[in-house]
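Chemist: There's a structure below that I have some questions on.
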Amino acid sequence: MNEISVRYGQLKGISNAEYYEGGQISECKLTEYCEFKTDLGILIPRFQEDGVRTKNTRSVAFYKNGKLKSIALNKRSVIKTSVGNIKAELLTFYESGNVKKVFPVDGKITAFWTEQNEYDLAEELDLTLKIGHIISKFVAISFYDSNKLKSLTLWTRDEISVNSPIGKVKVRMGIAFYENGEIKSLEPINKISVNTPIGIIKAYDITAIGLSGDVNSLCFYENGEIKSLVSSTDKIEIYNKEGSYIKALEPSLKPSLFIQDKMDIIPYNIEFIGDKVKFNNTDGVFSIKENKFKIINDFYKLNKDINSCKACG
């Protein structure tokens with residue numbers, strides 16, 4: 001079977017097809033020109049390869065009910081979104097039909113087509129958001145099913161400056177939003193001092209890799225209060241109201257994968273839930289009112305170039 005009728009048009013030149021148990025097509029590559037009539041207009045699924053940057057992946061994918069799940073476009077096309085028109089090469093969708101994620105470029109990184117080549121091909125977007133004006137290139141732009149902006153994933157070499165609930169912050173890798181446009185989470189480019197319910201903590205995740213702007217290390221509640229953060233440097237000692245020592249939390253260490261006789265720092269998470277604080281996603285939850293907290297900032301010193309504890313060689 002080389003041609004199938006779907007709700008958006010005809011699939012032609014089908015190859016590498018996969019199907020659901022009920023026989024509905026799940027995904028496939030295409031080798032012939034097709035037109036998809038969608039709410040975004042006419043979309044042309046990828047059917048040509050340039051021999052340089054085209055990925056050897058599916059052209060289209062569908063949900064079991066036949067609705068479009070993703071489409072790799074044959075050529076970069078202008079897509080209308082709630083934050084403006086975006087040129088895209090790959091789109092994913094919710095089962096409702098609304099756009100889930102937009103990828104401005106989607107090339108294959110090889111020895112012949114580098115990340116720098118792909119970055120140069122990407123275009124800057126000029127976004128006017130509730131938190132202010134942002135101009136940058138993005139790896140991906142994510143949306144809620146309501147069409148509201150969900151997150152921005154940055155290229156690892158880029159940074160943006162945003163107005164956050166704790167003031168102006170330089171952001172790397174990603175930033176996520178609530179549906180009302182307020183900041184949900186962000187990835188600080190450097191250590192920043194955050195005033196929390198237990199005191200000032202240096203927030204920074206030295207292990208962040210930035211795969212998606214949906215999840216970041218410095219998180220806020222919708223009202224702007226601190227929800228959670230990651231520290232790579234600070235030690236927190238916990239005492240009861242009488243001053244008796246209970247325990248201490250600090251980043252852990254492991255042998256470096258890159259430099260002999262060096263130790264890598266493993267940061268830990270601190271989450272604020274009502275009048276309680278929780279450390280490192282464990283069952284250990286402490287009342288903020290019933291305990292005292294001593295914070296030792298920069299207990300570990302970070303090497304700027306690698307994840308290494310300078311003092312731990």
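The values are calculated or read from the model by the stated rules, or taken from the named source; none is laboratory data. Being a predicted model, the structure only gives us computed values, none of them experimental. Glycine also receives a Cβ, built like all others from the backbone with ideal geometry; neighbour counts cover every protein chain displayed.
Chemist: From the list D261, D275, which one is loosely packed, with under 14 Cβ neighbours inside 10 Å and on the phi > 0 side of the Ramachandran plot? Show your work before the answer.
Modeler: Values: D275 fails: on the phi > 0 side of the Ramachandran plot.
Unique residue meeting the criteria: D261.
Chemist: Working only within region 193-227, note down all residues that are farther than 23 Å from S142 by Cβ and over 20 Å from the mean Cα position of the chain (by Cα).
Modeler: S193, V194, N195, T196, P197, I198, G199, I200, I201, K202, E225
Chemist: Quick check: is even one residue across region 50-62 out of contact with any Lys or Arg (no Cβ under 9 Å at 6 or more places or on another chain), surrounded by fewer than 17 Cβ atoms within 10 Å (Cβ to Cβ) and of a type in the set (D, E)?
Modeler: Within region 50-62, the subset out of contact with any Lys or Arg (no Cβ under 9 Å at 6 or more places or on another chain) is 50-51.
Remaining after also requiring surrounded by fewer than 17 Cβ atoms within 10 Å (Cβ to Cβ): 50-51.
Applying the additional criterion that residues be of a type in the set (D, E) yields 50.
Looking through region 50-62, at least one residue is out of contact with any Lys or Arg (no Cβ under 9 Å at 6 or more places or on another chain), surrounded by fewer than 17 Cβ atoms within 10 Å (Cβ to Cβ) and of a type in the set (D, E).
Chemist: Can you tell me which condition S151 does not meet? The list is (1) more than 23 Å from I79 (Cα to Cα); (2) modelled with pLDDT of 95 or more; (3) hydroxyl-bearing (S, T, Y); (4) within 13 Å of the chain's Cα centre (by Cα), and all the others hold.
Modeler: Of everything listed in (1) more than 23 Å from I79 (Cα to Cα); (2) modelled with pLDDT of 95 or more; (3) hydroxyl-bearing (S, T, Y); (4) within 13 Å of the chain's Cα centre (by Cα), S151 misses just condition (1).
Chemist: Being surrounded by 13 or more Cβ atoms within 10 Å (Cβ to Cβ) and part of a loop (DSSP other than H, G, I, E, B) is the filter here, so list the residues in region 21-34 that pass it.
Modeler: Keep residues of region 21-34 that are surrounded by 13 or more Cβ atoms within 10 Å (Cβ to Cβ), which gives 24-32, 34.
Within region 21-34, Q24, T31, E32, C34 meet the criteria.
Chemist: Can you tell which of V105, V6 is touching a helix residue (DSSP H, G or I) at 6+ places or on another chain (Cβ under 9 Å) and either at pLDDT 95 or above or within 30 Å of K148 (Cα to Cα) (or both)? Reasoning before the result, please.
Modeler: Working: V6 fails: touching a helix residue (DSSP H, G or I) at 6+ places or on another chain (Cβ under 9 Å).
Exactly one residue qualifies, and that residue is V105.
Chemist: Something else: Could you pull out the residue among K67, K130, K100 that is more than 20 Å from the chain's Cα centre (by Cα) and either of a type in the set (V, I, T) or closer than 29 Å to K184 by Cβ (or both)? Don't jump to the end; show me each part of the working.
Modeler: Working: K130 fails: more than 20 Å from the chain's Cα centre (by Cα); K100 fails: more than 20 Å from the chain's Cα centre (by Cα).
Within the list K67, K130, K100, the selection yields K67.
Chemist: Give the residue that is surrounded by the fewest Cβ atoms within 10 Å (Cβ to Cβ), with candidates limited to residues of region 188-244 that are assigned to a loop (DSSP other than H, G, I, E, B), among the hydroxyl-bearing types (S, T, Y) and in contact (Cβ under 8 Å) with a residue 60 or more places away in the chain.
Modeler: Of region 188-244, the ones assigned to a loop (DSSP other than H, G, I, E, B) are 189-191, 197-198, 204-217, 221-225, 232-234, 241-244.
If we keep only those that are among the hydroxyl-bearing types (S, T, Y) as well, we get 204, 207, 212, 217, 221, 232-233, 244.
Among the residues that remain, those that are also in contact (Cβ under 8 Å) with a residue 60 or more places away in the chain are: 204, 207, 212, 232-233.
On the way: Y204: 23, T207: 13, S212: 16, S232: 22, T233: 22.
Ranking the qualifying residues of region 188-244, first place goes to T207.
Chemist: Of all the residues that make up region 286-308, how many are outside any loop (DSSP other than H, G, I, E, B) and either loosely packed, with under 12 Cβ neighbours inside 10 Å or at pLDDT 95 or above (or both)?
Modeler: Quick first cut of region 286-308, residues outside any loop (DSSP other than H, G, I, E, B) only: 286-287, 291-296, 302.
Those left that are additionally either loosely packed, with under 12 Cβ neighbours inside 10 Å or at pLDDT 95 or above (or both): 286-287, 291-296.
Result for region 286-308: 8.
Chemist: Considering every residue within region 205-221, establish whether at least one is aromatic (F, W, Y) and closer than 25 Å to K184 by Cβ.
Modeler: Here is the first cut: in region 205-221, the residues aromatic (F, W, Y) are 220-221.
Filter once more, so that each one left must be closer than 25 Å to K184 by Cβ: 220-221.
Within region 205-221, one or more residues are aromatic (F, W, Y) and closer than 25 Å to K184 by Cβ.
Chemist: Continuing with the same structure: Working carefully through the options I79, I86, I71, find the one that is modelled with pLDDT of 95 or more, assigned to a strand (DSSP E or B), closer than 30 Å to S26 by Cα and touching a Gly at 6+ places or on another chain (Cβ under 9 Å). Lay out the reasoning, then the answer.
Modeler: Numbers: I86 fails: touching a Gly at 6+ places or on another chain (Cβ under 9 Å); I71 fails: touching a Gly at 6+ places or on another chain (Cβ under 9 Å).
Matching residue, one of I79, I86, I71: I79.
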